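Here's the structure we're looking at; comments come further down.
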Amino acid sequence: MKATLYPSDWGNASLEEVSIHIIGGDWGKDPDFIDQGYESVACIRGAEFKNWKRDFGKTAVNRKVKFSSLSTRNLLKNDILVEISGGGPDQPVGRTVLIDENVLNQHKLPLVCTNFLRLVRLSNNINSVFVNRYLEFFYNSGEVIKYQSGSNNLRNLKFKDYSALKIPLPPLAEQKIIAEKLDTLLAQVDSTKARLEKIPKILKRFRQAVLAAAVEGKLTKVWRKENPTKTTHNLLKNHVPLPRPARWKTRSTSLIRGVYATAVGNPRDSKVSEWQWVSLVDVARMESGHTPSRSRSDYWGGDICWIGIKDANKNHASTIMDTEQKTNELGLLNSASRLLPEGTVCISRTASVGYVVKMGKSMATSQDFVNWVPSEVIYGDWLKWLFVAEKESLFRFGKGSTHTTIYFPEWLSLHILLPHIEEQHEIVRRVEQLFAYADTIEKQVNNALARVNNLTQSILAKAFRGELTAQWRAENPELISGENSAATLLEKIKAERAASAGKKASRKKS
């Protein structure tokens, strides 16, 4: 991080230079360990950092540590905890939290921190909120990565180098003013961020409501009044049911109602008088999938897209145009996998039930899918949205407590509440129009969240350049000069550190 430009009457000092006590934590023993030399404590871990602003470390775990260890590690108000081990590629080590009254009030037991953290106790002449805010600013800048060592999965903070980090140091009175201003401003930022983070959940519920309204006929209620002849009965007058699948005799004889417009068996009753229940195999050709032998490299690496669960997960509720793995003609010839036409709707039926995609071109699938090739009376996109809406129903139709699987007897007996083909097109148009509206809002929210996140760093940068207190300094010259100056403050800290070191030496001798 580039050197911060701050007012000329400020000083600077390293984290070590403004601290009077730095020590590693103690994980201690299990809470049921019995020994007179040990005391029960609540131990803060890195796991508590994630929801610190909400929970204030209340999830700290009970441990037991030696009395002698507790005497030097008991957490006090204004202590700073620095994460020195843990982290990973997406979360560098080096996060910090401040121990305040909110934290101390969470626990009746004495507080310590685990040995994956470092306790930093500052001089009494330093405002701990100010310093912790600067450490947060440094962490979020990304520069902390330069102070790490270790593997991707477990990183360590080079604490000696980290503690030499220079911190801009205004006079104590100004530190307090800056800390107060930051608390106010960043609380407003956090509140805005919290409100923005709720919107994606609202949009998710909105999309679910749209789909429910679509497959229940509510989206097109007025359309049906305007088009009274567009009924399922009229649609099927000239439709010849498709040939029965080879496994037809194994079909289920049960009646299992879905949530909206699907069922195993025929419920017969319809909430939408213009629609009627039809057997899906009568209006769409059912196909399964297969996996060419993995031991034959010559079956793979061709130009035929082959849909697996990962592809369905990545492209759920959309048209799939490409896949992670591809087979070839030889792979198809030597397996039960088949090349299916563009427009085929694929539903994962085992391992991960409920992923739905529509083929954007001819493809094959694994055996984890049941595939439906629509006839002239079914619009592929409507069928796709029907199964997306009916995810809960799919679990009703499946079997298995650990891993749900929907077996072919249930698929063979599957019925759907079918609208007229023109109404299917109208339903899809309205669903996709409303989803596009939701997508636009979500994009705007994500952009706003990015700006809010940048705003936090921007506010902190202004604070540590002295811009938040420029007017205050002009109005209070007596609080930043003479005995109150940053230079005098540094001398006081040196004296305090020397006195603290002397006390420690005396205790060791005694």
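The values are calculated or read from the model by the stated rules, or taken from the named source; none is laboratory data. On a predicted model such as this, the values are computed, not experimentally measured, just so you know. Note that each Cβ is placed from the backbone with ideal geometry, even for glycine, and that neighbours are counted across all protein chains shown.
Here is the figure for the stretch 26-39: residues that are part of a loop (DSSP other than H, G, I, E, B) and either polar (S, T, N, Q) or without any contact (Cβ under 8 Å) to a residue 40 or more places away in the chain (or both) total 8. Scanning the stretch 101-152 for residues that are crowded, with 16+ Cβ neighbours inside 10 Å and of a type in the set (D, E, K, R) returns ARG118, ARG121, ARG133, GLU136.
The rows are residues; the columns are (1) among the aromatic types (Phe, Trp, Tyr); (2) at pLDDT 95 or above; (3) touching a Phe, Trp or Tyr at 6+ places or on another chain (Cβ under 7 Å).
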| residue | (1), (2), (3) |
| --- | --- |
| SER273 | no, yes, no |
| GLN276 | no, yes, no |
| SER279 | no, yes, no |
| ASP282 | no, yes, no |
| MET286 | no, yes, yes |
| HIS290 | no, yes, no |
| TYR299 | yes, yes, no |
| CYS305 | no, yes, no |
| GLY308 | no, yes, no |
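When TRP223 is tested against (1) farther than 19 Å from LEU414 by Cβ; (2) without any contact (Cβ under 8 Å) to a residue 24 or more places away in the chain, just one condition goes unmet, and that condition is (2). Of everything in the stretch 40-58 that is assigned to a loop (DSSP other than H, G, I, E, B) and within 17 Å of the chain's Cα centre (by Cα), the residue that is farthest from GLU83 (Cα to Cα) is ASN51.
A residue that is assigned by TED's automatic domain parsing to the domain that holds PRO409, in contact with a Pro (Cβ under 8 Å, 6 or more places away or on another chain) and without any contact (Cβ under 8 Å) to a residue 40 or more places away in the chain occurs nowhere in the stretch 385-394.
Residues are listed down the side, and each one gets a yes or a no for (1) of a type in the set (Lys, Arg); (2) crowded, with 21+ Cβ neighbours inside 10 Å:
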residue: LYS271; (1), (2): yes, no
residue: ARG296; (1), (2): yes, no
residue: ASP322; (1), (2): no, no
residue: TYR355; (1), (2): no, yes
residue: LYS358; (1), (2): yes, yes
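The set of residues from the stretch 159-168 being buried (at least 18 other Cβ atoms within 10 Å of the Cβ) and of a type outside the set (A, V, I, L, M) comprises PHE159, TYR162, SER163, PRO168.
Residues in the stretch 56-86 that are among the charged types (D, E, K, R), out of contact with any Asp or Glu (no Cβ under 7 Å at 6 or more places or on another chain) and more than 12 Å from ASP26 (Cα to Cα): LYS58, ASP79, GLU83. Looking across the stretch 234-254, the residues that are surrounded by 12 or more Cβ atoms within 10 Å (Cβ to Cβ) and either free of Cβ contacts under 8 Å to residues at least 60 places away in the same chain or among the acidic types (Asp, Glu) (or both) come down to PRO241, ARG244.
When we screen ARG251, ARG268 for residues that are in the same structural domain as TRP382 (by TED's automatic domain parsing) and either among the hydrophobic types (A, V, I, L, M, F, W, C) or out of contact with any helix residue (DSSP H, G or I) (no Cβ under 7 Å at 6 or more places or on another chain) (or both), the only hit is ARG268.
When the stretch 134-170 is limited to residues that are basic (Lys, Arg) and touching a strand residue (DSSP E or B) at 6+ places or on another chain (Cβ under 9 Å), the one that is modelled with the lowest pLDDT turns out to be ARG155. Condition first: touching a strand residue (DSSP E or B) at 6+ places or on another chain (Cβ under 7 Å) and assigned to a helix (DSSP H, G or I). Can you find one or more residues in the stretch 84-100 that meet it? No. Only one of the numbered conditions (1) under 16 Å from SER366 (Cβ atoms); (2) of a type in the set (S, T, N, Q); (3) modelled with pLDDT under 95 is violated by THR323, and that is (3).
For every residue, the table says whether it meets (1) at pLDDT below 95; (2) of a type outside the set (Ser, Thr, Tyr); (3) part of a strand (DSSP E or B).
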{"position": "SER293", "(1), (2), (3)": "no, no, no"}
{"position": "ASP311", "(1), (2), (3)": "no, yes, no"}
{"position": "HIS316", "(1), (2), (3)": "no, yes, no"}
{"position": "THR319", "(1), (2), (3)": "no, no, yes"}
{"position": "GLY331", "(1), (2), (3)": "no, yes, no"}
{"position": "LYS361", "(1), (2), (3)": "no, yes, no"}
{"position": "VAL370", "(1), (2), (3)": "no, yes, yes"}
{"position": "VAL377", "(1), (2), (3)": "no, yes, no"}
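For the stretch 209-257, a tally of residues being of a type in the set (A, V, I, L, M) and assigned to a loop (DSSP other than H, G, I, E, B) returns 6.
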